[in-house]
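Q: Shown below is the structure under consideration.
The values are calculated or read from the model by the stated rules, or taken from the named source; none is laboratory data. The structure displayed is predicted, hence computed values, not measured ones. Don't worry about glycine lacking a Cβ; one is built from the backbone with ideal geometry, like all the others, and counts go over all protein chains shown. These accessible areas exclude ligands, DNA and RNA; they are computed on the full protein's heavy atoms, side chains included. Shrake-Rupley method; radii C 1.70, N 1.55, O 1.52, S 1.80 Å.
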Amino acid sequence: MNHREWLGEVIGADSYRAAAARIDIDQSTIAKQLSRGVLSPQNVIALARAYGRKAGVELVRTGYLRADDIDGVGVVDALRQASSKQVLAELDSRLT
């Protein structure tokens, strides 16, 4: 996706100045990056988080990652956080 279009979609009615302020960078940084046609991955992540979006999804949308790069992210962590009772209940539901 074109980064200028992506940014417009993400920030909505906000100005570039307001968006830059949200991620604590100078507006000229956004302007310079857009003049080259790409926002840095760091700024994509910061903007995504500042506007309540998932950074991984937005990195896919801006071409920095492929969808299969983030497919299944978090499963291992989720399993580690689940109690034994929760894991057993899930296994039981799958086996019956």
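Q: Taking the solvent-accessible surface of protein heavy atoms with a 1.4 Å probe, what is the per residue accessible area of the chain in Å²?
A: On the way: 6620 Å² over 96 residues.
Computed with neighbouring chains in place, this is 69 Å² per residue.
Q: Also, I was wondering about something else. Just one of (1) 12.4, 38; (2) 15.7, 51; (3) 18.4, 59 is Rg and Dmax of the Cα atoms in Å calculated from these coordinates, so which is it?
A: Answer label, from the structure shown: (3).
Q: Also, I was wondering about something else. Which residue fluctuates the most in the chain, going by a Gaussian network model with Cα springs under 10 Å, if the choices are 54, 85, 32?
A: Between 54, 85, 32, it is 85 that shows the largest mean-square fluctuation.
Q: Name the most mobile residue of 40, 28, 83, meaning the one with the largest mean-square fluctuation, in a Gaussian network model of the chain with Cα contacts below 10 Å.
A: Ranking 40, 28, 83 by mean-square fluctuation puts 83 first.
Q: Also, quick follow-up: Using the basic label-point model (7 angstrom from Cα toward the beta carbon), what is the residue 17 to residue 89 distance in nanometres?
A: 5.2
Q: If ligands, DNA and RNA are left out, what is the accessible area of residue 25 with a 1.4 Å probe, given in Å² to the nearest 10?
A: So the heavy atoms of residue 25 present about 50 Å² to solvent.
Q: Follow-up. Per the 1.4 Å probe, what fraction of the accessible area of the chain, in percent, lies on carbon and sulfur atoms?
A: Answer for the chain is 52 percent, counting heavy atoms of protein chains only.
Q: For 16, 51, give me the order by solvent-accessible area with a 1.4 Å probe, most accessible first, ignoring ligands, DNA and RNA. Write out the running numbers ahead of the final one.
A: Working: 16 70, 51 40 Å².
Largest accessible area first, the residues go 16, 51.
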